[in-house]
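Below is one structure, written out as structure tokens, with a few remarks after it.
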Amino acid sequence: EKKPCPLCSEEKYKACYGHKLHRHLLNFHWKVSVEFEGYRMCICYLPCHPVKPNLVGDQTSSKMGAHYHCIICSATITRRTDMISHINRHVNKGETESRFITVPAPKNSHQVLKESATDVRVLPNHSTPQKTDSYFNPKMKLNRQLIFSALAVLAKERAPIDCLDAFGATGIMGLQWAKHLQSSVRVTINDCNENSVAMIKENCHLNKMKVKLDTKEDDNDEAMGVGEDSTDTIEVTKMDANVIMHLRSFDFIHLDPFGTTVNYLDSAFRNVRNLGIVSLTSTDISSLYAKAQHVALRHYGSNIVRTEYYKELAARVVIAAVARAAARCNKGIEVLLAVALEHFVLVVVRVLRGPSSADDLARKIRYLIHCQWCEERIFQKEGNMLEENPYQQLPCDCHGSMPGKTAVVLGPLWSGALFNAGFLRRMYFESAQYGLDEAQSVLKTLVCEAECTTSKHHSVHPSCEETKQEECGVYIKTPSTSPESLVYRKRKSDEVTRNVNKRQKAESNAEHPAFYYNIHRHSIKGMNMPKLNRFLNYLSEAGYRVSRTHFDPMGVRTNAPLAQFKTVLLKYSTPTYGGGQVEDTEVLEEDRSAVVLTKDCPPPCAAD
């Protein structure tokens with residue numbers, strides 16, 4: 001049966017079926033509503049607030065304007081911002097009692113979504129962060145799967161571990177941790193917004209999880225009737241993320257605020273445990289991808305420009321900020337994973353305590369010299385001495401052949417490795433075990449990128465030797481508190497730290513090359529370049545390390561200089577013209593000018 005909209009006139013919206021009416025109410029009324037003490041004042045299109053009449057010919061037309069009805073007084077307000085200010089004035093005067101009969105929104109209006117066998121109840125406007133307190137983005141599913149895989153690897157190293165989701169929103173991430181890893185993790189979901197905390201508790205009950213509201217009271221547990229037999233308990237806290245990270249220590253911390261994460265890095269590294277993991281998701285893409293360079297300079301203290309490798313540049317900017325925050329707390333980091341995709345930049349690091357680790361960390365933050373003509377790049381050399389001509393560090397000769405200044409200095413950036421191949425293999429194993437399909441394809445690419453290889457039969461599973469090396473870096477907790485056990489634990493921790501440092505030094509020689517080249521950016525006009533996989537084989541046959549990269553589908557990560565990269569690309573490119581031209585040609589590119597020499601004819605003489 002068709003039903004009319006209760007908030008619109010028949011002229012504006014005709015009667016329709018229930019599913020269309022429900023969608024209309026959500027999109028046109030609920031999303032732009034104003035909330036006050038559990039009630040929502042939806043926008044109204046009924047003839048309650050007529051606008052000024054307009055003369056059209058000989059007739060006078062009077063249309064009705066959209067407006068809000070105040071539940072405290074009888075005022076009608078046209079703008080949403082004015083309505084919010086109007087309500088705030090009532091609150092400041094102490095007028096909070098409603099003069100009308102109001103009906104609270106039914107709970108069954110919340111939509112229930114399912115992801116990785118976890119149910120979450122979300123608000124109708126969950127995909128718009130400006131209009132909701134409990135933001136849920138389905139496009140971040142890959143991000144959640146990668147973080148879960150990293151946590152699963154850490155849970156295999158030592159259990160149980162204390163985990164913190166500092167920005168819970170709907171609580172989807174913490175619920176997945178507790179539901180799949182069970183007794184291996186002790187999950188704490190935090191959010192500073194009261195509505196989000198209420199939504200997290202509701203989602204915990206929906207997934208048959210117990211909610212621990214206060215750690216100081218043992219009897220302050222809540223559970224649904226169907227979940228009384230469940231032993232899974234999630235602690236839900238309502239405080240600022242910086243406060244909870246200052247008060248308590250965790251083994252695993254995940255930061256996913258709306259925007260940049262730099263405001264929470266100092267708190268995250270202050271109390272994180274040794275060999276713990278800190279993961280952070282930055283969604284300020286406009287600044288990291290060099291669309292708002294002044295914002296990147298303000299937040300991260302780095303000068304960046306738009307380049308062909310802008311996604312990796314963004315990842316290195318974030319890691320540099322993380323490294324400086326860790327060094328201020330006398331801690332070092334080991335980068336386990338760095339992913340930069342369309343919507344986010346994800347960085348996962350392991351924390352190493354000690355001033356020596358912090359000193360080694362600070363040496364890996366350098367400036368980058370980038371040529372704006374050929375897009376060659378190189379990190380500046382270590383040292384405090386100034387050079388007369390810093391252009392000499394670049395392998396290209398654009399400064400000598402081109403007028404003016406040809407290069408810019410970017411950074412400071414992270415100059416170390418972006419991946420840990422052994423950790424990525426174990427992440428792939430965990431993602432396969434829990435059926436995380438989207439993460440498996442990305443992790444398989446990351447393993448090949450970390451080792452800079454293109455082998456199709458490359459094994460992504462951890463080998464026995466790598467498993468033994470990783471077990472040497474496992475931190476073991478002992479419940480005993482005797483002096484002998486404390487001394488043993490301290491020696492064990494020092495030995496573990498030394499083993500991790502040795503493994504880092506051993507792997508430093510096999511680090512993947514920094515940055516990548518886009519094959520389309522360096523193609524020659526009038527030439528058909530080879531297929532990407534064939535071109536990778538050609539570079540490998542030339543004796544260079546080469547692999548694809550997740551940052552760019554047409555990117556090539558290699559240790560070959562740009563000149564050799566172009567030489568191999570030109571060698572195996574074919575001309576686009578047909579039979580009237582000479583087929584067998586050799587193209588020599590010098591100073592952006594091409595000279596075509598045929599093999600049948602001799603080269604022209606100087607006199608000619």
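The values are calculated or read from the model by the stated rules, or taken from the named source; none is laboratory data. Since we're looking at a predicted model, the values are computed, not measured. Using ideal geometry, Cβ is built from the backbone for each residue, glycine included, and neighbour counts are taken over all protein chains shown. Remember, those area values only see protein heavy atoms, side chains included, never the ligands or the DNA or RNA. Shrake-Rupley method; radii C 1.70, N 1.55, O 1.52, S 1.80 Å.
Please go through the residue pairs LYS364/LYS444; LYS311/LYS331; LYS331/LYS381; LYS156/LYS238; LYS114/LYS139 and name each one whose alpha carbons sit more than 18 Å apart in this structure.
As for pairs spanning more than 18 Å Cα to Cα, those are LYS364/LYS444; LYS311/LYS331; LYS331/LYS381; LYS156/LYS238.
The equivalent ellipsoid that matches the C-alpha gyration tensor of the range 258-394 spans semi-axes of 26, 20, 12 angstrom, in descending order.
What do you get when you divide the Cα radius of gyration of the range 128-197 by 2.2 N^0.38 Å, with N the number of residues?
So the range 128-197 has a normalised radius of gyration of 1.16.
The protection proxy used here, the mean number of other Cβ atoms lying within 10 Å of each residue, ranks peptides 143-151, 282-290, 381-389, 89-97 as follows, highest first: 143-151, 282-290, 89-97, 381-389.
Relative to the current alpha-carbon distance between SER116 and GLN433, full extension at 0.36 nm per residue lengthens the span by 112.8 nm. With distances taken between every two different alpha-carbon atoms, the range 516-575 has a Kirkwood hydrodynamic radius of 11.4 Å. Expressed in nm to one decimal, what extension gain is obtained for the pair THR567 and LYS405 from 0.36 nm per residue of sequence separation less their Cα-Cα distance? Once the chain is fully extended between THR567 and LYS405, it gains 55.8 nm. Here the simple spin-label model places points 7 Å from the Cα toward Cβ, and for ARG270 and HIS520 these points are separated by 4.7 nm. Taking all protein chains together and rolling a 1.4 Å probe, ARG248 ends up with roughly 80 Å² accessible. In this rough spin-label picture, where each label sits 7 Å from Cα along the Cβ direction, the HIS24-GLN393 distance is 6.5 nm. 3J(HN,Hα) along the range 304-310: 10, 10, 6, 10, 6, 10, 5 Hz, from the Karplus curve 6.51 cos²θ - 1.76 cosθ + 1.60 with θ = phi - 60°, whole Hz, x for Gly and Pro. Could you please state, rounded to a whole Å, how far the C-alpha centre of the range 373-434 is from the C-alpha centre of the range 281-304? Using only Cα atoms to place each centre, the spacing works out to 18 Å. Peptides 517-527, 419-429, 554-564, 169-179 ranked from most to least packed by the mean count of surrounding Cβ atoms within 10 Å: 169-179, 419-429, 554-564, 517-527.
Here each label is just a point 7 Å from Cα along the line to Cβ, and for ASN92 and THR574 those points are 7.5 nm apart.
Available extension along the chain between GLU11 and LEU213 is 67.6 nm, counting 0.36 nm per residue and deducting the alpha carbon span.
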